[in-house]
Structures are given as structure tokens and as C-alpha cells.
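To start, the structure under review is shown below, and the notes come after it.
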Amino acid sequence: MKILSVVGARPQFVKLAPIAAECAARGVEHVIVHTGQHYDPMLSDVFFTDLGIPDPDVHLGVGSGSHGQQTGAMLAAMDEVITAHRPDWVLVYGDTNSTLAGALSAVKLHVPIAHLEAGLRSFNRRMPEEHNRVLTDHAADLLLAPTQVAVDHLTAEGLGERAVLVGDVMIDVLHRVRDELVDAGAVLSELGMRPRTYSVATIHRAESTDDPAVLSAIVKGLQQVDHPVVLLAHPRLRARAAEHGLDLDGGSLTTRDPLPYPALVAAVSNARGVITDSGGLQKEAFALRTPCTTVRTETEWVETVELGWNMLVDPGDAAALREAASRPAPEPTDAAPYGDGHAASAVLDALSGGAAAGRVGG
Ligand code: UD1
């Protein structure tokens, strides 16, 4: 069996790590294609190095652009790559423009597609991620769902026969990194923080950053939290804040560059809270039992909210953000809605079964 993985953005490298390791352990041929959507070393190279991912076999070097330009450039480049490698599966991850480009190229070349992290829905059709995940799910032959809620969404859209519940590969990585010896003391002293006294914040989504009034309310809320907030600033956030003439640092808020993954895990597990608009960080906070405040009106990871460890706040409401981020920790829980840290093995099992059967479902 030959699998061709298409990745391009930071969270996809995290998801790729356990898949690459499982392929290596099973002797499965694995071709890694990096679209180049993320190109800053701190958003790309450090993940390959820290998580032990082999260097990409192909790098498309596409870079930034409007959605159409970026997705179109990747799509054009992918045709040649898929034709040259003739994989049994094209494996796409999550919900970025790289995901959609990989899926579109494969479906038109009649190469089976597996979508990792299938079935997530925000039901917010203004999010580029929502377009990407809905279109990718409907193009794919095998839908690798992280949660039962995701399977239910796929079933409701008539895609249930192609769906397999595999758990969440981000928990695989998190367990591995948590169990390795990360020097948390060094990370905290680098941040200038003591354990359980600060919150870690990340804000990067277009819905949070592109409207000056919304970004200004988020920054105001973060600056007014009743304890120190360390904002790990994505380049998009810095660029938009500069365009809007907004100072990020002030009050409780200080900014830093994004952290490598092991340092992020150390920072979150020692924090008293997380404040974010990221999907992955909501789950990571839950898995590390750090209370999360999500600066969005909806989430794909509803389990974190239902279990009391995540609270949604309207991005335009600075007072709600400040209050939610200052709340005490909830009741402990031992629920594990994202699996037991062996999702990559379930993914490879599903791909092997599908490859043996020729084509899955539908
Ligand atoms: C993308 C994904 C988003 C994911 C996020 C993870 C889409 C539609 N969005 O958002 O789902 O959660 O990645 O981080 O695919 N930039 C740099 N250096 C880089 C990459 C980007 O400076 O290496 C800046 C550029 O100004 C660029 C902007 O960030 O225009 C946005 O980058 P882009 O890849 O379009 O989307 P993200 O916001 O990173």
C-alpha cells in the first residue's frame, strides 16, 4: 500500500507526525507532499524537526495568497504529483486550503481519497474552514472521523457508509510529547511566568483578525483579564493588528512569537487557562485539563463545552471574554471523547482494509 499525504499548515504537521510514525512502523510506503501554505520556519520546519517527521518528498512552495489563488496554485501543482506517484490513497488532513486542493486533484484523477478529521462542522458558512471540510468530505471515499458527533454529521449528510470512527490523532501526539521529557521549567522561565498564574492565548482566524472592530474587542478583553495573558502571535494576527493600527501589548497582555509544539504543550499544561480561536488548542487544553475560553460563537469540538472545560464567548464582547477567562476551573472529569491516543493505528487499519477492498463505501 502506498499513501500520499498532503499537508501545508501548522496543525496538519502535528496530525501528520503519528501517521508518518505508524507508516514507518508498518513498513507502509508514505509520500509526504508539503504545499508550502505555511513557510515560516516557526510555523513549519520546527514541527518536522521536533516531532521527528521525515522531510517532505515534494515541496510545492505555493505560499500565501487569496483563497482562490492559493487553492488554485496547489491544485494545479498536485495533478502532476499524484500522477507521478500513483498512490493507493491520497490522505488529506483537517480543513485548510491545502486539504481541499489535495482532495480536488485526487477526485478528478480517480485516486481514492481519505479525509482525516472528517465530519466536523461549525455550521458557520462564513468560515473558509467550513467550506473546505464540507467539500472535502463529499469528495472523499473514506471518512476518518475523530468523534461520534462527527460520524453523526456525516450520517446526516448521507455519507455514513464511508465513515469510520478512528479517534483523534492529535491526542496520539499529545500523549507522546507529554510523556517525553520537556523542560517545563525552562519554558516557564522563558515566558517569565510561574505555574498556574497565567493564561496562554492564540488568535489567528480570519473572523477574529480581519474586522478591526472585532479584533479591537478581543484585544481589549485580553488586556483586561485579571491575570497575565501570554499571546503567541501568529503572523496573520501581527499583520492585521498593524494594518488596523492596534497595539497588542498592554494591560495584562504581552505578545510572543509562536512556540514549537513541545514548548506549547509545556506552557498549556502549566497555565491556569487557555484563550483561543484555534480548534486544536481547545482539544489540547481539554486533554491537559486546562480550562479553555474560546473566542468564537460556535465550536466543532462540542464535547469540551458539554464537559464544562470550554466556554464560548462572542468575539465582539470584551467584557464576556474578560469574565470567562477569569473563571475558576470546573469539576474534574475522566471523560475521553477524543480517544485513547491510538488513533493513527486505527487510521492505518482503515486504510489497509479499504485498499484491500479496492475502494471504500459509496
Ligand atoms: C490557515 C488555515 C486555518 C488554520 C491555520 C493554522 C485556511 C483557509 N486556513 O490559516 O484553517 O487554522 O492555517 O495556522 O487554509 N503567513 C506568514 N507566514 C506563513 C504563513 C502565513 O506570514 O508561513 C501570513 C501571511 O500574511 C498570510 C497569512 O499569514 O497571508 C495567512 O496565512 P494562510 O495560510 O492564508 O492562512 P492562516 O491564517 O495561516
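What the table shows:
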{"read-out": "Flag if Asp349 is assigned to a loop (DSSP other than H, G, I, E, B) and either over 25 Å from Leu188 (Cα atoms) or open to solvent by 40 Å² or more (accessible area, probe 1.4 Å) (or both)", "value": "no"}
{"read-out": "Those residues of region 83-129 which are touching a Pro at 6+ places or on another chain (Cβ under 9 Å) and among the small types (Gly, Ala, Ser), in sequence order", "value": "Gly94, Ala106, Ala118, Gly119"}
{"read-out": "Count of residues meeting criterion [surrounded by 14 or more Cβ atoms within 10 Å (Cβ to Cβ), in contact (Cβ under 8 Å) with a residue 60 or more places away in the chain and either on the phi > 0 side of the Ramachandran plot or not β-branched (Val, Ile, Thr) (or both)] in region 27-41", "value": "1"}
{"read-out": "Sole exception among (1) open to solvent by 10 Å² or more (accessible area, probe 1.4 Å); (2) modelled with pLDDT of 95 or more; (3) not in a strand (DSSP E or B); (4) not charged (D, E, K, R) for Thr254, by number", "value": "(3)"}
{"read-out": "Residue that is free of Cβ contacts under 8 Å to residues at least 24 places away in the same chain and surrounded by fewer than 22 Cβ atoms within 10 Å (Cβ to Cβ), where the choices are Glu306, Glu298", "value": "Glu306"}
{"read-out": "Residue within region 10-21 that is more than 18 Å from the chain's Cα centre (by Cα) and closer than 17 Å to Ser352 by Cβ present", "value": "yes"}
{"read-out": "Hey, Arg322 basic (Lys, Arg), over 22 Å from Val14 (Cα atoms) and surrounded by fewer than 24 Cβ atoms within 10 Å (Cβ to Cβ) or not", "value": "yes"}
{"read-out": "Test: Ala271 is open to solvent by less than 30 Å² (accessible area, probe 1.4 Å) and at pLDDT 95 or above", "value": "yes"}
{"read-out": "Some residue of region 66-76 being open to solvent by less than 60 Å² (accessible area, probe 1.4 Å), within 23 Å of Leu348 (Cα to Cα) and more than 9 Å from the ligand (Cβ to nearest atom)", "value": "no"}
{"read-out": "Search result, residues across region 307-328 that are farther than 15 Å from Phe286 by Cα and either in a loop (DSSP other than H, G, I, E, B) or of a type in the set (D, E, K, R) (or both)", "value": "Val313, Asp314, Pro315, Gly316, Asp317, Arg322, Glu323, Ser326, Arg327"}
{"read-out": "Those residues of region 38-81 which are more than 20 Å from Glu129 (Cβ to Cβ), assigned to a helix (DSSP H, G or I) and touching a helix residue (DSSP H, G or I) at 6+ places or on another chain (Cβ under 6 Å), in sequence order", "value": "Asp50, Asp79"}
{"read-out": "Residue within region 42-62 that is in contact (Cβ under 8 Å) with a residue 60 or more places away in the chain, touching a strand residue (DSSP E or B) at 6+ places or on another chain (Cβ under 6 Å), farther than 27 Å from Glu284 by Cβ and more than 12 Å from the ligand (Cβ to nearest atom) present", "value": "no"}
{"read-out": "Meets criteria (more than 17 Å from Gly8 (Cβ to Cβ), of a type in the set (A, V, I, L, M), more than 16 Å from the ligand (Cβ to nearest atom) and modelled with pLDDT of 95 or more) for Leu144", "value": "yes"}
{"read-out": "Leu231 part of a helix (DSSP H, G or I) and farther than 17 Å from Ala319 by Cα", "value": "no"}
{"read-out": "Meets criteria (surrounded by fewer than 21 Cβ atoms within 10 Å (Cβ to Cβ), under 26 Å from Glu180 (Cα atoms) and among the acidic types (Asp, Glu)) for Asp210", "value": "no"}
{"read-out": "Qualifying residue in region 107-116 (condition: assigned to a loop (DSSP other than H, G, I, E, B), open to solvent by 10 Å² or more (accessible area, probe 1.4 Å) and of a type in the set (A, V, I, L, M, F, W, C))", "value": "yes"}
{"read-out": "Residue match in region 147-158 (condition: surrounded by 19 or more Cβ atoms within 10 Å (Cβ to Cβ), under 30 Å from Pro258 (Cα atoms), away from the ligand (no atom under 16 Å from the Cβ) and not assigned by TED's automatic domain parsing to the domain that holds Gly280)", "value": "yes"}
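The values are calculated or read from the model by the stated rules, or taken from the named source; none is laboratory data. This is a predicted model, so every value here is computed, not measured. A quick note on method: Cβ atoms are made from the backbone with ideal geometry, for glycine too, and the neighbour counts reach across all protein chains shown. Remember, those area values only see protein heavy atoms, side chains included, never the ligands or the DNA or RNA. Shrake-Rupley method; radii C 1.70, N 1.55, O 1.52, S 1.80 Å.
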